[in-house]
Amino acid sequence: MRARYGVPLSIAAAGAAGVLYAAGFEARSFRLRRVTIPVLPPGMRPLRVLQVSDIHMVGGQRKKQRWLRSLAGLRPDFVINTGDNLSDPEGVPEVLDALGPLMEFPGAYVFGSNDYYGPKLRNPARYLLERANGRFGLNGNAPATGVIHNPWEDLREGFDTAGWLNLTNTRGTLKIEGASLELTGLDDPHIKRDRYAQVAGGPSGTADFSMGVVHAPYLRVLDSFTSDGYPLVLAGHTHGGQLCVPFYGALVTNCDLDTDRVKGLSTHRAEGRESYLHVSAGCGTNRYTPVRFACPPEASLLTLVERG
């Protein structure tokens, strides 16, 4: 009997320990990614950008709220929020409270699908099947039905009242100590709310620096930003793969971006041009899959410097 059941029980114990680690420790092990990106024109002083993404706030997540508030101590020049702030229809007050100190700085935001709709319980294996079939979100799948509608208007009002720029399929400009920054944003491509035609044409040429902002880094969006001449695009959505294999990396990105660029800094090429792409792994999870493995939650402090 001992020989017959020893291996399965040990495997089950190892699996249980892995789940406890992924949910109890790593999902709450918040980190700061620091990246230097050479994109500014000659003579422009460095800019420090704090990117927060995929907070997926659920009521009672006190440690996450304290950590987000503490990021104000970094004193960034401006903040970019790349969406998916909610994973709970009641979470808006806690998001606004946690981001309150950061909203003292200039900033801008786009929304993700989880800002508009509450999450649904689903089989995690579907992400692997969607990758194999090339179908992600509403891109090729049937429209969502029976979904919970989050109070995203309240979230928008809170951000707008603080002075953050709403980049929903539009452009905006920030003034940072005399420098003019043009930000071009899109609504979430994961649920086909992006309308690039409304912002097409590339940087206006009137700003000192321009960049693109979007929640989900779908290739059609990256191609558009890059071919239009934006030197930098910021995105989130992927959770860095969320459940990764040590020494291998992510298995999925939840979009058509390749897994080699699931998080961090990379480049994207389109029509003979090249842009830098920074994808945040985010600091939260869907409330129904509150685990991370080999992919700790993060925010990113990006230092933009002169290009070579």
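The values are calculated or read from the model by the stated rules, or taken from the named source; none is laboratory data. Because the structure is predicted, anything quoted here is derived from the model rather than measured. Every residue, glycine as well, gets a Cβ built from its backbone with ideal geometry; the counts of neighbours run over all protein chains shown. Protein only, heavy atoms only, side chains kept; ligands, DNA and RNA dropped before computing areas. Shrake-Rupley method; radii C 1.70, N 1.55, O 1.52, S 1.80 Å.
Go through (1) under 24 Å from P217 (Cα atoms); (2) buried (at least 20 other Cβ atoms within 10 Å of the Cβ) and name the single condition L71 misses. Unmet condition: (1). Determine, yes or no, whether Y248 is aromatic (F, W, Y), out of contact with any Asp or Glu (no Cβ under 6 Å at 6 or more places or on another chain) and surrounded by fewer than 17 Cβ atoms within 10 Å (Cβ to Cβ). Here the answer is yes, as Y248 does meet what is asked. You will find that of G172, G163, G229, the residue that is in contact (Cβ under 8 Å) with a residue 40 or more places away in the chain and part of a strand (DSSP E or B) is G172 and no other. Scanning region 72-99 for residues that are part of a loop (DSSP other than H, G, I, E, B) and without any contact (Cβ under 8 Å) to a residue 60 or more places away in the chain turns up R75, E90, G91. Quick check, is R220 open to solvent by 10 Å² or more (accessible area, probe 1.4 Å), charged (D, E, K, R) and outside any strand (DSSP E or B)? Yes; evaluated as a whole, the condition is true for this residue.
In region 192-215, the residues that are open to solvent by 70 Å² or more (accessible area, probe 1.4 Å) and in a strand (DSSP E or B) form no Cβ pair under 8 Å with any partner that is of a type in the set (S, T, Y) and modelled with pLDDT under 95, whether six or more places apart or across chains. Taking the conditions (1) open to solvent by 40 Å² or more (accessible area, probe 1.4 Å); (2) more than 25 Å from L174 (Cα to Cα); (3) in contact with a strand residue (DSSP E or B) (Cβ under 8 Å, 6 or more places away or on another chain); (4) β-branched (V, I, T) in turn, T289 satisfies each one other than (3). Contact map, region 279-297: residues that are β-branched (V, I, T) paired with residues that are in a loop (DSSP other than H, G, I, E, B), Cβ distance under 6 Å, separation 6+ or inter-chain. Pairs shown: V279/P217; V279/T238; V279/K263; T285/H56.
When we screen R66, R48 for residues that are farther than 21 Å from H149 by Cα, of a type in the set (K, R) and part of a strand (DSSP E or B), the only hit is R48. For region 40-64, a residue qualifies if it is surrounded by fewer than 18 Cβ atoms within 10 Å (Cβ to Cβ) and over 13 Å from S300 (Cβ atoms), and the qualifying residues are P41, P42, G43, M44, R45, P46, G59, G60, R62, K63.
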